[in-house]
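Step one of this worksheet: look at the structure below.
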Amino acid sequence: MLLQSQSHSLRHITTAHLAQTMTLLEMTTAELRQKIEKDLASNPALELLEERRCPTCKRRLAGGSTCPFCSRPNSASPDEPIVFVSPREDFHTSSGGYENEIPDEIQASAIEDLPHYVLRQVAPELKPQDRAIAAHILTNLDEDGLLAIPVIEIARYHHVLLSRVEEVLYLIRRADPIGVASSSPQEALLVQLDVLSESHPIPPKTAEAIQKGMNLLSRRRYTDLARLLGISTSDTHRIAAFITKNLNPFPARSHWGDITSSNDGGSQAENSYHYPDVIISKSGEADSSPLIVEIAMPISGTLRVNPLFKEAFQQVSTEKTDQWKSDLDQANLLVKCIQQRNHTMVRLMQRLTVLQREYILHGEAHLQPITRASLSVELQVHESTISRAVSSKAVQLPNGHIVPMAIFFDRSLHIRTALKQIIEQEPHPLSDTEIGERLAEQGFPVARRTVAKYRSMEGILPAHLRKPANHSIPQFAVDAI
DNA sequence: CTATGGCACGGATT
DNA sequence: AATCCGTGCCATAG
C-alpha cells in the first residue's frame with residue numbers, strides 16, 4: 001500500500017513536473033513572482049532565504065555566490081555574452097540603473113523622482129485644498145506611472161466626492177509623462193490620444209480601437225479588430241502603427257518598442273506584461289565589449305525547500321502525512337521547475353545574443369531572420385519550448401528600448417526598416433512597384449503586394465497621398481538611434 | 001491604364 | 001490543429 005502510493009505519487013510528480021515546467025516557462029517574470037508569493041504563503045514547506053548582497057558592490061545576488069558585476073571577466077571573447085540570472089529588484093530603474101547606490105539624501109535632492117516632477121507641474125493649477133489628494137495619487141503610482149489603487153478609495157480616504165478626485169486626476173494626467181496616474185494602460189493611451197489630437201491629425205477610429213478593441217490590439221489580432229470596428233485591415237494596421245509610434249501605455253517608461261504579443265485569455269492581462277524579463281546591456285563602450293544579459297528573477301533571495309520541514313516530515317505520525325506530503329512535493333516541484341526555467345532562459349538568451357548581436361547593438365536594420373525551429377535544433381529542445389519561452393516576454397536592449405522577445409524572430413522587420421529608409425530618402429513619391437524594385441536591389445526580393453502590406457504596417461500612406469516629402473505621421477516620441 | 005486595397009489560398013509557424 | 005504571413009487575382013479609384 002505504502003509502496004504503491006509512493007510510486008503513484010512519483011509518477012504523478014514527473015507528469016506534473018512536465019506540465020509545470022511548461023507553464024512556468026510561459027510565464028512572465030512578474031506573473032511568476034505572484035505565483036511564488038502565493039505558494040510561499042500557502043505552503044509551509046517552502047522557504048525564502050534572505051537575500052545576499054555582494055560585499056563589494058552591494059548588489060543583490062541570486063543563487064550563485066560570485067557577483068557577475070564585480071568579477072566580470074573582461075577578457076571574455078566579445079562574441080560570447082555574459083549571461084546570468086539576477087533578482088528582480090535591481091531593475092526598477094530602467095536605464096542607467098547600474099551605477100553604485102547613491103546615498104538617500106543625495107538622491108532625494110539631486111534626482112527628482114516622478115511624483116515630485118509631476119507635482120511641480122500641476123501645483124500652480126491646483127487648489128490648495130486639493131494638494132493632499134494630489135499627493136495621495138502621486139505616492140501610489142507603480143513603476144510604470146500607473147495608478148495602483150482604485151480612484152474611489154482616494155475619494156473615500158479624503159471624504160470628498162469622486163468628481164473632485166477626478167478633477168485632480170485630469171490635471172495630473174495631462175502633465176508631462178502624459179497619461180501618468182491613469183488606472184490602466186488603456187486609459188493612458190486614451191489620455192495621450194486626446195492631448196495629441198489637439199495638435200496633430202489622428203487616424204479615424206483610433207480612440208474607438210483603444211476603447212473597444214484593446215485586447216485585440218495588444219494581441220495583434222488585426223483582422224478581428226478590423227471586423228469589430230467595421231474598417232479595413234490596412235486601416236487597422238495604420239492605427240496600430242500610429243499607436244506604437246506615438247503613444248505609450250506606460251507613461252513612466254520613456255521607450256516602448258512595440259505592443260507585446262498576448263499574455264493570457266485576458267483576465268488580468270494589463271498589469272504586468274510589459275515588464276522586461278531580460279535585460280541586455282553592454283559591459284563597455286566599445287563595439288567589441290561583451291554583452292551582459294540578465295535574466296530577471298521573480299524574487300530576491302533564494303527559494304528552497306525548508307530543511308526543517310523535511311526533517312519534521314520524517315518524524316510526524318501518519319495522521320497528517322497526506323497534507324504534508326503534498327506540500328513537500330509541491331515545494332520540490334516548484335523549486336526544480338524554476339531552476340529549469342532559468343536554465344532554459346539562459347541558454348536561449350545566450351544563443352540569441354550571439355545570433356542577433358548586430359541587431360542588439362545597431363538596430364532593426366541588422367535583424368537576422370531566424371526561426372524558432374532553427375534555434376530549437378541548436379539547443380536540442382522542442383520547438384514548443386522555444387515558443388513558450390519567447391511568448392509574452394519582453395527584453396530591454398542596451399539602448400533602453402523594451403521590445404517583445406518575439407522580435408528576435410521577426411522575419412520581415414529588417415525589410416520593413418529598409419523600406420522605411422527608401423521612402424525617407426527618395427524625394428519623389430515611389431509607387432509600391434518601384435519600392436519593390438529598390439528593395440530587390442538591396443537583396444530583398446518581395447512581391448509588389450507584400451510591399452503594400454509592409455507599408456501599411458509601418459503606417460505609411462500610399463504614394464499618391466504623401467505628396468512632396470511630407471512624412472505621414474507626426475513624430476511624437478522620436479526614437480533616437 | 002496604373003496603383004492599391006480586399007479576399008482567399010497554401011505553406012510555414014506555433 | 002490553429003494561426004500567421006506572403007502572394008496572386010480581381011475589383012475599384014484616380
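The values are calculated or read from the model by the stated rules, or taken from the named source; none is laboratory data. These numbers come from a predicted model, not from an experiment. Neighbour counts are summed over all protein chains in view; Cβ atoms, including those assigned to glycine, are modelled from backbone coordinates with ideal geometry.
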Note on A:R448: of the conditions (1) within 13 Å of DNA strand C (Cβ to nearest atom); (2) under 33 Å from the mean Cα position of the chain (by Cα); (3) of a type in the set (K, R), unmet is (2)
Scanning the range A:374-397 residue by residue, the ones that are under 21 Å from A:I415 (Cα atoms) and without any contact (Cβ under 8 Å) to a residue 60 or more places away in the chain total 1
Take A:V180 and tell me if it is more than 16 Å from DNA strand B (Cβ to nearest atom), outside any helix (DSSP H, G or I) and over 16 Å from A:V118 (Cα atoms).
no
When every residue in the range A:336-351 that is β-branched (V, I, T) and buried (at least 17 other Cβ atoms within 10 Å of the Cβ) is compared, the one farthest from A:N43 (Cα to Cα) is A:T344
Only one of A:A188, A:A181 is closer than 30 Å to A:K453 by Cβ, in contact (Cβ under 8 Å) with a residue 24 or more places away in the chain and crowded, with 21+ Cβ neighbours inside 10 Å, namely A:A188
Would you check if there is a residue in the range A:423-440 being polar (S, T, N, Q) and either more than 14 Å from DNA strand C (Cβ to nearest atom) or closer than 30 Å to A:M345 by Cβ (or both)?
yes
Per the filter on the range A:201-210, residues out of contact with any Phe, Trp or Tyr (no Cβ under 6 Å at 6 or more places or on another chain) and surrounded by 14 or more Cβ atoms within 10 Å (Cβ to Cβ) are A:I202, A:K205, A:T206, A:A207, A:E208, A:A209, A:I210
**Asked** aliphatic (A, V, I, L, M) and buried (at least 16 other Cβ atoms within 10 Å of the Cβ), is that true of A:V403?
**Response** yes
So, first residue outside any helix (DSSP H, G or I) in the range A:1-30, second residue of a type in the set (D, E) and at pLDDT 70 or above, Cβ within less than 8 Å, six or more apart or across chains; the pairs are A:T28/A:D277
Residue set A:L328, A:L333; condition modelled with pLDDT of 85 or more and touching a Phe, Trp or Tyr at 6+ places or on another chain (Cβ under 9 Å); output residue A:L328
A:I243: passes all of (1) modelled with pLDDT of 80 or more; (2) surrounded by fewer than 19 Cβ atoms within 10 Å (Cβ to Cβ); (3) part of a helix (DSSP H, G or I) but (2)
Would you confirm whether or not the range A:263-286 contains a residue that is in a helix (DSSP H, G or I) and at pLDDT 80 or above?
no
Check whether at least one residue in the range A:346-363 is of a type outside the set (A, V, I, L, M) and either within 30 Å of A:K38 (Cα to Cα) or in contact with a Lys or Arg (Cβ under 6 Å, 6 or more places away or on another chain) (or both), and report yes or no.
yes
> Does at least one position in the range A:185-195 carry a residue that is in a helix (DSSP H, G or I), hydrophobic (A, V, I, L, M, F, W, C) and within 18 Å of the chain's Cα centre (by Cα)?
Replying inline: yes
If we take the range A:401-472, then helices (runs of 4 or more DSSP H) inside it with 1 or more residues that are more than 12 Å from DNA strand B (Cβ to nearest atom) are A:413-425, A:432-441
If you go through A:Q368, A:Q350, the only one that is polar (S, T, N, Q) and more than 16 Å from DNA strand C (Cβ to nearest atom) is A:Q350
Residue set A:V354, A:V395, A:V377; condition surrounded by fewer than 16 Cβ atoms within 10 Å (Cβ to Cβ) and touching a Pro at 6+ places or on another chain (Cβ under 8 Å); output residue A:V354
